[in-house]
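First the structure, in the form of structure tokens, and then the observations on it.
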Amino acid sequence: MNYYNIPQEARSGEGYQEQEISVGEFELDGRLTLPEDVENPPVVILIQGSGQSDMNETVGEAGNAPFLDLAQGLAQRGIASIRYNKRYYQYPEAAPADLTIQDEVLDDAAAAISWAAESGQVDKNRIIVLGHSLGGMLAPKIASDNPQVAAIISLAGSPRKLQDIMIDQNEELLAESGLSQEEQQEQMEQVEAEAERSRHAARESTEMILGVPESYWYSLNEIDGGTLAQELSIPMLFLQGDADFQVYPDKDYAMWQELLDGKENASFRLYEGLNHM
């Protein structure tokens, strides 16, 4: 079914029901999806990837809505979930000039976790954070900051820095662009120069680098997801598609495995033929 541009009304179906909730100080539109006939279910909190997206993480004209699919599928298996609009998807005018990852993701994730813990509708001792892409990169940070989190799931996340992934992405795009080798090299030098600037971003600067303010890069640079994951004792599950060309199974997924080698609380699964979505 195509949910693209269809209003996100609460819905019910076989094995689940939804209710509208508000998340965080901005009262973001959200949904609590509950399995039927299950008392005190565990709950999964869904954290989107880069950019501004709705609670369903709707992507493209085909209307892929992976978070809606996950919410329904989890509920049919006895597991509740919470999903909500990203802050600057719902309120783009509220984005500050000195935007940080705390503003965009972390503060609202903490609010959703607190909501789950205090709601009385789910098991406050089984709150799981599931992040996709950038959300998967941030999952160890979210768990580290919020002791109510009992486990994390990273879907196509990475312990690498975002600018390093962007360099790889641009290199692949340019290789398929039809540009001459000289033109490709010139554009890659520009990307690498901007990436280097981002690594030394100033905390309060509003200068733009690769489309976002320096303050945003500074806040990301302060987070070492790999080290945080190594320090976590809660269960961690890392999932990746082997056809992903945005986050790389041979680099990012492999790096999680290397960093967490020997940790009995870390599990991994690579899915044949699946891409980033």
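The values are calculated or read from the model by the stated rules, or taken from the named source; none is laboratory data. In this text, all values refer to a predicted model and were calculated from it rather than measured experimentally. Every residue, glycine as well, gets a Cβ built from its backbone with ideal geometry; the counts of neighbours run over all protein chains shown. Areas reflect the complete protein model, heavy atoms only, side chains present, ligands, DNA and RNA absent. Shrake-Rupley method; radii C 1.70, N 1.55, O 1.52, S 1.80 Å.
The Stokes-Einstein estimate for region 189-245, based on a Kirkwood radius over Cα pairs and taken at 25 °C with 0.890 mPa s viscosity, is a diffusion coefficient of 180 µm²/s. With a 10 Å cut-off between alpha carbons and a GNM built on the chain, which of G226, G73, G262 moves the most? Among G226, G73, G262, the largest mean-square fluctuation in the Gaussian network model of the chain belongs to G262. Global size of region 171-217: 13.1, 39 Å for Rg and Dmax (C-alpha atoms, Rg to one decimal, Dmax whole). Run the helix sum for the chain: -39,500 (n - 2.57) per DSSP H stretch of 4+ residues, divided by residue count, reported at 222 nm to the nearest 500 deg cm²/dmol. After summing the helix terms and dividing by the residues of the chain, the value is -10000 deg cm²/dmol. Across all directions, the shadow cast by the convex hull of region 86-139 built on its C-alpha atoms averages 4.4 square nanometres. Average accessible surface for region 113-216: 49 Å² per residue, computed with a 1.4 Å probe over protein heavy atoms with every protein chain in place.
Where in the chain are the helices, taken as whole DSSP H runs, whose Cα atoms extend 24 angstrom or more along the long axis and whose Kyte-Doolittle mean reaches at least 1.0?
Working: long enough: 181-199 (27 Å, -2.22).
Taking the DSSP H segments of the chain (at least 24 Å long, mean hydropathy at least 1.0), we get none.
Taking 2.2 N^0.38 Å as the expected size of a compact globular protein, what ratio does the Cα radius of gyration of region 1-156 give against it, to two decimals? Compactness ratio reported: 0.97.
Listed by chain and number, the lysines whose alpha-carbon sits under 17 Å from that of K161, ignoring those within fewer than 8 places in the same chain, are K141, K251. Would you compute the Debye intensity of the chain from its alpha-carbon atoms alone, equal scatterers and no solvent, and pass along log10 I(q)/I(0) at q = 0.07, 0.09, 0.12 Å⁻¹ to two decimals? The calculated log intensity ratios at q = 0.07, 0.09, 0.12 Å⁻¹ are -0.26, -0.43, -0.77.
Taking 1.306 mPa s as the viscosity and 10 °C as the temperature, the Stokes-Einstein diffusion coefficient of region 121-277 based on its alpha-carbon Kirkwood radius rounds to 94 µm²/s. Extension gain for Q169 to E264 (0.36 nm times residue separation, less C-alpha to C-alpha distance): 31.0 nm.
For the residues L210, L28, L179, a GNM of the chain with alpha-carbon springs under 10 Å puts the largest fluctuation on L179.
What is the mean projected area of the alpha carbon convex hull for region 8-80, to one decimal in square nanometres? Please list the in-between numbers first.
Working: hull surface 21.6 nm².
Mean orientational projected area (region 8-80, Cα hull): 5.4 nm².
With contacts taken as Cα pairs under 8 Å at a separation of at least 6 residues, the chain carries a relative contact order of 16 percent. Its relative contact order, with pairs defined as Cα atoms under 8 Å and 6+ residues apart, puts region 16-164 at 26 percent.
Estimated from the Cβ-Cβ distance and a Förster radius of 30 angstrom, the FRET efficiency linking Q190 and Q257 is about 0.35.
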